Amino acid sequence: MNPVSGRPIPCTRCRRQRKKCDLTRPRCERCERMDEECSYLPLPSLDKQKQRSMAALDSVKTEVPSTPSSTTSGDCAPSTVAESRISNGVLDRIVAAAEGSMDTGYTGMIMNSSLALEHPDLVATHDDWVIVAQFFNSSDRIVRASAAHRLISTAAFLDSFFAQPAPLRLTICALAAHANPSIPDNVCISYYNRARKAVMRSIDKPSLKNLQTLYLIANFAIVNGQPTIGKPFFINALWMLIHLRMDVDPDASPWLAHLNLSELEKEERRRAFWLCFYTTKLVQSCSTPSSPARLSAAQMRPPKSDIGSLFSEILTTQHNCCILELIISIKRHYAYAPASLNDLILSEQALSLSAELLSLHSEIPQFLLLAPEPTPTPDHIVMQNKIFISQLLSVGPTDTTGIISLSMFFNASICLLHRPKLYLTHFLPDASAAAVSPSFIPIIASALKQCLTAAYRMSDINRFLLHITQDAANIDSVSSDNATERPQLLPKSFWEAHNYLAHPLFECAIVLWFIACKTSHSWFDVGFSLEEFEWLKLRRSASDGRVRICSKNVKACLRDILKSYAILNSALGGRDAGGETANPLRDNSIRPNMVTPMITCVQAMLKDVELAHFETASPENMKESSPDIESVLLGMKVMSLGEEDRGGSTEVVEDPWCFMGLMGLDVMGFRWRAPYEDSWWQFWNT
């Protein structure tokens, strides 16, 4: 910094060539791009500035920070620690930040002829540090599994907190405030608004810090149930990742040799890649075909687990990425309906996808998958829950949630792959009819069995999650054991942090609803063993001898899914709104979010099952179970974060996020809004 003009001093090479320098240290962007040596003039002495800073800080050492800092606009988080005095350790960090140079890639300075000051909105405060320190030092398994813990070296970040670039610091403050239920929502949103403004000033300057910032602010939007708002930030993070060539492992990147990266810094780059790669697959699996750029992990080594406690473990990330990649391939395969019945049943690509699914299952260690056993009695349910708890406690905090995600994604991929063939059990109502080729019968029956088995496994895992979620006693009983004895292995915030589980649950609901209301009874007589009758909750009617699925069990599964959606709806639609209402599914004060169209659809499914008369139903009158009303398209309303809706603004409705919608069907007059729905509707009705 020029002590006379107050302007930043560019590097020697840019100053000599009279080129604009972005002031990045140790090498600016131009020198990095040209692979030239980059050097800066020594910074002027800050002894006088240090003395003035120390004198000012000593004067407030014994003062209690009673109100938010007046230098920041909006609401600022109050102090939440027991100590009322600022610790000497924090003072040392402030002084160190004043002596050192700020991180690069950001211009948030107010300039005049005599001095340079950071914008008041971007100044770090002691209260900010306290909130982030509590967040990073939390012992909560869900908090420690958050994106910030997996992406950032927490100890190094806290040590250099006051020297961190404002966009990254404010974004982590927003995530930390969001994870702390004692901090009001307006404080959390204030951090988000300030972080977003800071991000927009540095979004075009590629650096690891800015990449981490863009990823985390996109994650903030996603955990608030507004993935459409977070998607542009995430796409910019991908652009930055590719520009920085971070899809190549640091050990195989000779252009990084001059940086002399430590093992910790190399691991930080690997974590950034793998989290971006995983999120890319998650976004592509849930959104419409216009998805972010494709990445390859071929040149990147897996994240290490021997760095100590600086990072949270993410050992299941690779397996989850493989399953999500398979789901993306299935979505592409079913993006358009087949031309004929033969193309649907005998598709070579579908056979290839089935082989890939089996291969992935063989590669995943069995202890990373929750595989529910048949649970015909309440005692078996209690025993199964104990087995699950033991399995989850045997791994790290991040892998606890990773196992749950992997198990749900794997079973959802089974349902998604075989669902179109499952639909044939309705449109080909008689398994013994001459119209059905004998070679097709075992294929369709196998699809029915695999879909039903996978759906029940997801339903059992969902019931288990409700069982172990903290404060689950506030929801209706989900198992036969005493609610007061339920282990609090996971807090209630698990659902908000892992709201993507809404997608496999929706796949589970579609399969159970279809089999209960649409599948012809004759298909249950094909290929089911006596053991499978008990596991799949099938019953043979004493009156006509036909096999039927237990409607009572299907309704219980759908209600459990709605209980999970109720928690998600309260969390994603606003914490304050969700905490006061008796029925979060029907509270109009909760803002629309990602799960809103799913809730509407699953509620219609439950009503359809309740109206179905299983003992007297036939394929003909099952078609009439839905009311004769005009179809309603279910879409996802996009809401702003942190800003009040302006009067007269245009309401934006986009395609809902899910793996696949109803694929041409309707539920009680509701149809799914997606580009592939029309082609499948025409296929089933021709």
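Amide hydrogen proximity for Arg548: with H placed 1.01 Å from N in the peptide plane, the residues at 5 or more positions away or on another chain lying under 5 Å are Arg539, Arg540, Ser541. Ranking Ser570, Ser394 by solvent-accessible area of protein heavy atoms (1.4 Å probe, all protein chains present), from largest to smallest, gives Ser394, Ser570. Taking all protein chains as shown and a probe of 1.4 angstrom, Trp513 keeps an accessible surface of around 0 Å².
Here each label is just a point 7 Å from Cα along the line to Cβ, and for Ser182 and Asp251 those points are 4.4 nm apart. Excluding Cys38 itself, calculate the net charge of residues whose Cβ lies under 13 Å from the Cβ of Cys38, where each Lys or Arg counts +1 and each Asp or Glu counts -1. Combined, the nearby Lys, Arg, Asp and Glu give +2. The calculated FRET efficiency for Ile389 paired with Asp35, based on their beta-carbon distance and R0 = 60 Å, is about 0.65. Take the Cα of Gln17, step 7 Å toward its Cβ, do the same at Gln299, and the gap between the two points is 2.4 nm.
Between the amide H of Phe670 and those of Val632, distances stay under 5 Å, these residues lying 5 or more places away or on another chain, with hydrogens modeled in the peptide plane.
The values are calculated or read from the model by the stated rules, or taken from the named source; none is laboratory data. Keep in mind it's a predicted model, so treat the numbers as computed, not measured. All Cβ positions, even for glycine, are placed from backbone atoms using ideal geometry, and neighbour counts span all protein chains on display. Side chains are part of the model used for accessible areas, which takes the heavy atoms of the whole protein and leaves out ligands, DNA and RNA. Shrake-Rupley method; radii C 1.70, N 1.55, O 1.52, S 1.80 Å.
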